[in-house]
Each structure stands twice: as structure tokens, then as C-alpha cells.
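Can you read through this structure? Questions will come right after.
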Amino acid sequence: MTVPEDAVSTVLVTGGAGFIGSHTCVELLDHGHAVVVVDDHSTSSPAALDAVQSLSGRRLTAYRADLRDATALDAVFGAHRIDAVIHFAARKAVGESIAMPLEYYDINVGGTVALLRVMLARGVHRLVFSSSCSIYGDGGGHPLTEDDPARPTNPYARSKWMCEQVIADTVHRHPELSALALRYFNPAGAHPSGLLGEDPRGALHNLMPYLMQVAVGRRPRIEVFGSDYPTPDGTAVRDYVHVVEIAEGHRMALERLRPGLRVLNLGTGVGTSVLQLVEAFAEASGRKIPYDLVARRPGDVAELVADAGRVAGEWGWRARRDIGEMCRDAWRFQQLHPEGYPG
Ligand code: UD1
């Protein structure tokens with residue numbers, strides 16, 4: 001058992017080897033929490049957990065398991081006195097979700113249901129859920145508040161919305177539960193050390209990993225999906241948030257849980273177009289990023305930018321790192337790991 005006796009609390013992190021999960025593990029360990037990770041490594045590398053431990057100088061305990069394997073999950077809860085859960089484990093690619101809807105509902109919604117069942121059976125009542133701004137769908141060109149209606153436009157987004165509803169109904173039935181759903185906008189960047197970052201396994205889906213691989217020479221050019229959106233330069237606008245600040249938001253959420261379900265946005269309130277990000281990454285890396293303007297990607301929306309006022313007012317959480325810093329940090333990770341994590 002590697003969980004220290006003097007830990008502030010013991011936190012189970014599902015999907016802890018993934019991009020946001022691994023940065024959150026560092027943040028938790030740095031703040032004295034003990035961490036137990038459950039990850040099936042379907043889209044992540046165990047090497048990320050080695051990097052987490054080197055960075056924090058502290059140990060964590062890790063299990064390779066699928067959340068829908070009730071026996072395996074129950075055994076993890078049986079082996080530790082879990083105080084709270086941060087639930088990241090999910091699939092997250094919009095295009096893939098349109099091609100494989102049942103996998104997305106099974107893994108994302110089924111995994112959440114399975115986790116809640118074991119939490120209730122084991123008397124664990126504190127949950128931070130990794131939700132998504134994609135729930136808002138086409139935001140209509142204004143910064144989105146938590147009170148904007150849910151209008152998800154693809155199975156990935158709908159699966160996240162369903163999970164929020166599953167949690168809401170479960171909290172209603174079990175008022176002893178304290179839950180927080182963090183709807184974050186587009187996580188980007190990497191740990192400033194360059195030791196931890198985004199290392200997607202298999203096919204690439206998101207813009208930042210593509211930029212990283214074009215800059216490092218693993219791919220020839222970027223395809224910009226859509227140049228006829230009603231935005232200043234015609235390309236889609238997103239609110240990119242530094243992953244270290246998102247990780248900090250999860251740690252703060254954990255320390256502020258109270259009975260019921262709360263929903264909060266994590267974003268910067270600043271919109272960046274695809275072409276602006278391409279330019280920022282070219283500047284940060286000093287490399288040329290050739291691109292082609294191609295058709296829109298199904299399921300995409302024109303603009304998603306947060307109104308991050310509520311979380312700032314309630315917790316004082318504010319994103320301070322800009323796009324340039326996100327690109328420089330992502331580039332540092334890419335240079336140190338041109339082929340991704342080993343193994
Ligand atoms: C989507 C979700 C978001 C989620 C994220 C997780 C929606 C609307 N958003 O973000 O909530 O957190 O997935 O992965 O469902 N692009 C290109 N070329 C590329 C790749 C992307 O032009 O090769 C464009 C996309 O069309 C989009 C922008 O870049 O306009 C960002 O895309 P991406 O990084 O995939 O994230 P989202 O789709 O915004």
C-alpha cells in the first residue's frame with residue numbers, strides 16, 4: 001500500500017493517466033492528497049503515471065481496469081478508504097462518437113452508472129465529474145453561462161449531458177451525495193516542465209495534437225475544418241484553457257464539495273479561431289505550419305466561449321495563462337517526446 005497515512009484525503013481518479021487526469025494527479029499530490037488511479041489505458045499510456053510521480057516526488061497507486069467491470073472496480077474500493085472520486089475516464093472525440101455512438105454511450109454513460117453504483121454500495125459520497133462545454137451545442141455567439149440551455153450536437157456531447165442527468169437523478173435519490181460537474185472548454189497546453197502533456201494514442205482528433213505533430217514533422221500539414229463560419233476569419237472559435245489551470249479547478253472543486261449537484265464552467269472567456277491558434281503555434285515553435293482550408297467537420301459548431309464569471313465569483317478561480325503560453329508548453333512536451341510517451 002503506497003497511500004500515506006497523513007494524506008489530506010484519498011482520491012480515486014478514473015482516467016488518471018489521460019491528459020487532464022494526469023495533470024490533476026500532480027495537482028492533488030502536490031496538495032497532500034493521496035491518489036488512486038483506475039485507467040484501462042485504452043487511450044493513455046502508463047508512462048504518464050511515472051511522469052506524475054517524478055514531477056510530484058510522491059507515489060500513487062494505479063490499477064488497470066475498465067469501470068464497467070464491477071468486480072474489478074469494487075475490489076479497488078475495497079482496498080482503499082476512498083474519500084472522493086474525480087471521474088475523467090471517457091472517450092472524447094466528436095467525429096469518432098458520430099461513427100461509433102453505441103461505444104460512446106456504453107463507455108461514457110455506462111461507465112458513469114457503474115461507478116455511481118459502486119460508490120453508493122461502498123458509502124463514497126463525493127464526486128467531481130469531468131463534463132464538457134460541448135453540452136451547450138451552438139452557443140449562438142455569446143459567452144456561455146451555466147444557465148444556457150443544453151443543446152448537444154453530437155453523441156460525445158450528448159453522452160456528457162446524459163451523465164450529468166444520471167448524476168442529478170442519483171443525487172436527488174441519494175441526498176447524501178455531493179457532486180460537482182465541471183464543464184470545461186478546450187483544454188490545451190502541458191505541464192511547464194515538459195514532462196507531462198497530451199499524448200493521444202491512435203488516430204488524432206483534436207487540433208492541438210495535430211499542430212504539435214505537424215510542427216515536429218510527423219505530419220505534413222493541418223486541415224482547417226471550415227472557413228465559412230460566421231466568425232471574424234471564418235474559422236471556428238474556441239475557448240482554450242491551460243490544462244494546469246483545469247487541474248487546479250478540479251482540486252478546488254474537490255475541496256469545495258457540498259450536498260447536491262453543482263455545475264460550473266471552466267474557461268477563460270477569450271475566443272481563439274483555428275487560424276489564430278495555427279499562427280500562435282507557429283510562433284511558439286518557430287516552425288512553419290502549412291495548412292489547407294477544407295470542409296466543415298460534422299458535429300462542429302461555430303463558436304464556444306465561456307462566461308467564467310460564476311467560478312471566479314465563488315472560488316476566485318481565474319485562467320491566467322494565454323494561448324502563447326499554452327503553445328509554448330505543448331511544444332516543450334512535444335520536443336521532449338517526439339514519439340509520445342515510451343511504451
Ligand atoms: C470537442 C468538444 C469539447 C471537448 C473536446 C474534447 C464539441 C463542440 N466540443 O472540442 O467539448 O472538450 O472535443 O476532445 O463537441 N480542427 C481543425 N483541424 C483539425 C482538428 C480540429 O480545423 O485537424 C478544428 C475543429 O473543427 C474545431 C477546433 O479545431 O473547430 C477545435 O477542435 P478540437 O480540438 O477537436 O476540439 P472541439 O471539437 O472544439
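Considering Cα pairs under 8 angstrom that are at least six residues apart, work out the relative contact order of region 74-213 and quote it in whole percent. Kindly include the intermediate steps, with their values, before the conclusion.
Values: 155 pairs, mean separation 38.1, N = 140.
Rounded, it is 27 percent for region 74-213.
Given only helices, namely DSSP H runs of n ≥ 4 each adding -39500 (n - 2.57), what is the per-residue ellipticity at 222 nm of the chain, to the nearest 500 deg cm²/dmol? The partial results should precede the final answer.
Details: 12 runs with 127 residues, N = 343.
It lands at -11000 deg cm²/dmol.
For region 129-194, which GluC sites (Glu not before Pro) are in a loop by DSSP, counting at most 13 other Cβ atoms within 10 Å? It would help to have the intermediate numbers written out before the result.
Numbers: sites: GLU146, GLU164, GLU176; in loops: GLU146, GLU176.
Qualifying residues, ordered by number: GLU176.
Which value, in debye to the nearest 20, gives the size of the charge dipole of region 59-134 about its Cα centre, when Lys and Arg are +1 and Asp and Glu are -1 at the Cβ?
Details: 9 positive and 7 negative charges, 64 e Å.
For region 59-134, the charge dipole is close to 300 debye.
Moving on to the next point. For SER285, what charge total do you get from the other residues with a beta carbon under 12 Å from its beta carbon, if Lys and Arg give +1 and Asp and Glu give -1?
Values: positive: ARG287, LYS288, ARG328, ARG332; negative: GLU279, GLU283, ASP329.
Once positives and negatives cancel, what remains is +1.
Another one. For region 79-118 and region 285-343, what is the separation of their C-alpha centers, rounded to whole Å?
Spelled out, the Cα-based centre of one part sits 23 Å from the other.
Then there is this: In the chain, what % of DSSP beta bridges are antiparallel (nearest 5)? Let's see the in-between values first.
Numbers: 2 of 42 bridges.
Antiparallel bridges make up about 5 percent of those DSSP assigns within the chain.
Using a simple charge model, +1 on the beta-carbon of Lys and Arg, -1 on the beta-carbon of Asp and Glu, nothing else, what dipole does region 198-317 show about its Cα centre, in debye to the nearest 20?
On the way: 14 positive and 16 negative charges, 78 e Å.
The dipole magnitude comes to about 380 debye.
Name the residue farthest towards the positive end of the dipole of the chain from the options VAL11, ALA75, TYR156, assuming +1 on Cβ of Lys and Arg, -1 on Cβ of Asp and Glu, about the Cα centre.
About the Cα centre, the residue reaching furthest to the positive side is ALA75.
Which value, in debye to the nearest 20, gives the size of the charge dipole of the chain about its Cα centre, when Lys and Arg are +1 and Asp and Glu are -1 at the Cβ?
Numbers: 34 positive and 41 negative charges, 58 e Å.
Charge dipole of the chain: 280 debye, to the nearest 20.
Would you grab the residues whose amide H sits under 5 Å from the one on VAL237? Only those 5+ places off in sequence or on another chain, please, with H modelled 1.01 Å from N.
So VAL237 has HN proximity to GLU303, LEU304.
Next question, about the same structure. Can you tell me the order of 153-163, 196-206 when each peptide is scored by its average per-residue count of other Cβ atoms within 10 angstrom, highest first?
Values: 153-163: 22.9, 196-206: 18.3.
Ranked from most to least packed, the peptides come out as 153-163, 196-206.
Round to the nearest 10 and give me the degree value, 0 to 90, for the angle of helix 70-79's Cα axis relative to the longest principal axis of the chain.
Compared with the principal axis, the helix lies near 60 degrees.
Using a 10 Å cut-off on Cβ atoms, rank the peptides 187-194, 129-136 from the highest mean neighbour count down. Present the calculation step by step, with values, prior to reporting the outcome.
Details: 187-194: 22.4, 129-136: 24.6.
The densest-packed peptide leads the list: 129-136, 187-194.
Which listed residue (SER285, LEU204, GLY343) has the Cα farthest towards the positive end of the charge dipole for the chain, taking +1 on Lys and Arg C-beta and -1 on Asp and Glu C-beta about the Cα centre?
Farthest along the dipole direction, towards plus: GLY343.
Is any residue of region 282-302 close enough, with backbone N under 13 Å, to a label point placed 7 angstrom from the Cα of ASP228 along the Cα-Cβ axis, and if so, which?
294-297
For the chain, with a Gaussian network of springs between Cα atoms less than 10 Å apart, report the residue from ALA179, ALA150, ALA34 with the top mean-square fluctuation.
Of the options given, ALA150 has the highest mean-square fluctuation.
Sticking with this one: How much length is gained on full extension from ARG320 to VAL8, taking 0.36 nm per residue of separation minus their Cα-Cα distance? Intermediate values should be presented prior to the final figure.
Details: separation 312, 0.36 × 312 = 112.32 nm, distance 2.70 nm.
Working it through step by step, the gained length comes to 109.6 nm.
What are the residues whose amide H is under 5 Å from the amide H of VAL13, where those residues sit 5 or more places off or on another chain and H is modelled from the backbone?
VAL36, VAL37, VAL38, ILE86
Something else now. Before anything else, pin down the relative contact order of region 1-135: Cα pairs under 8 Å, at least 6 apart, normalised by residue count, whole percent. Display every interim value, and only then the final one.
On the way: 205 pairs, mean separation 35.7, N = 135.
Dividing the mean separation by the residue count of region 1-135 yields 26 percent.
Another one. So if I take the centroid of the Cα atoms in region 170-234 and the same for region 2-41, what is the distance between those two points in Å?
Using only Cα atoms, the two centres lie 21 Å from each other.
Could you give the radius of gyration (one decimal) and Dmax (whole number) of the Cα atoms in region 215-343, in Å?
Looking at region 215-343, its Cα Rg and Dmax stand at 17.1, 51 Å.
With the dipole of the chain worked out from charges on the C-beta (+1 for Lys and Arg, -1 for Asp and Glu) around the Cα centre, which of GLY111, PRO187, LEU264 lies farthest toward the positive end?
GLY111
Hey, another quick one. How far is helix 47-56 tilted, in degrees, relative to the longest principal axis of the Cα atoms in the chain, given as a value from 0 to 90 rounded to the nearest 10?
Here the helix axis deviates by roughly 80 degrees.
Hey, in the GNM for the chain with a 10 angstrom Cα cutoff, which one of VAL294, VAL216, VAL36 fluctuates hardest?
VAL294
For the chain, take the convex hull of the Cα atoms, compute a quarter of its surface area, and give me that in nm², please.
On the way: hull surface 62.9 nm².
Result: a mean projected hull area of 15.7 nm².
Read the figures in this text as sums done on the coordinates, not as results from a lab. In this text, all values refer to a predicted model and were calculated from it rather than measured experimentally. Don't worry about glycine lacking a Cβ; one is built from the backbone with ideal geometry, like all the others, and counts go over all protein chains shown.
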